[in-house]
1. What residue, of Thr60, Thr3, Thr99, is among the β-branched types (Val, Ile, Thr) and over 19 Å from Phe135 (Cα atoms)?
2. What are the residues in region 11-50 that are hydroxyl-bearing (Ser, Thr, Tyr) and closer than 21 Å to Ile79 by Cα, if any?
3. Only residues in region 27-41 that are free of Cβ contacts under 8 Å to residues at least 60 places away in the same chain count as the first member; pair them with residues that are part of a loop (DSSP other than H, G, I, E, B), Cβ under 8 angstrom, at least 6 apart or cross-chain, and list the lot.
4. Say whether the condition of being of a type outside the set (D, E, K, R), surrounded by 13 or more Cβ atoms within 10 Å (Cβ to Cβ), more than 22 Å from Ser134 (Cβ to Cβ) and in contact with a His (Cβ under 9 Å, 6 or more places away or on another chain) is met by at least one residue in region 65-73.
5. Looking only at region 96-109, decide whether some residue is under 21 Å from Val54 (Cα atoms), surrounded by fewer than 18 Cβ atoms within 10 Å (Cβ to Cβ) and in contact with a strand residue (DSSP E or B) (Cβ under 7 Å, 6 or more places away or on another chain).
Amino acid sequence: MTTGMERLRFMIGEWDIEAHIMSENGEWMDIPLPKETTILPMLDGACHREEMPVSYDGITTRLFFSWSYDKYRKVYRMISCDDAEGMMGVLEGNFEDGTDTVVISDVNTGTSALDADGQPVFRCLASTKTSEDSFTDVVSESYDGGQSWLPVFRAIHIRK
C-alpha cells in the first residue's frame, strides 16, 4: 500500500465539480460555484495546492488549500485560507483503516473558527476516492468539540 503524499495523488488534476450545501431541511442543495478546480503538485510532490471560488447567497469567496504529509508523526495536514477573513486553518488526520477516505479536522490544531458567542466551531473534511476519475469531499462542522458532526458542504470531483 502506498503511503504519504502518494496516497493523495488521486487528487492531482483538473476537475469538474458538482457543489452542494446542506439546506435547513437536511437535503443537499446545488450552489453555483465551484464548477471546476485544478489541484497541482508543489515542491516535487511534497505537497499539493488548490485555489477555488465558492459562492453562496450571492457572495463569492476564494479559498486556498494545501495538503502535506508529516512523515515523522505519520499524519496528513491541510491548510486553508480564504479572502474574506484571511484566517489560516490547519486540519490534520489520516486515512480510515482499509478505505480510500482521508479524514482531517481542526479539533486538535487550535485553529478552529469561533461562533458569535466566541465558542469554537470545529471543521472536518472527509475526502474519498470514489474511482480513478472521481473523488468526493464532505465538510462537516461540530459545535461540541468533535463529538458529533453536521455535514455542511459537499463537492463531487469528476476528472476533466
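Read-outs: derived from the displayed coordinates by stated rules, not from any lab. Just so we're clear, the structure is a prediction, and the values are computed from it rather than from any experiment. Every residue, glycine among them, receives a Cβ derived from its backbone with ideal geometry; neighbour counts consider all protein chains shown.
1. Values: Thr3 fails: over 19 Å from Phe135 (Cα atoms); Thr99 fails: over 19 Å from Phe135 (Cα atoms).
It is Thr60.
2. Our first condition is that a residue be hydroxyl-bearing (Ser, Thr, Tyr); within region 11-50, this holds for 23, 37-38.
Within region 11-50, Thr37, Thr38 qualify.
3. Correct list of pairs: Met29/Ser23; Ile39/Ile12; Leu40/Ile12; Pro41/Ile12.
4. yes
5. no
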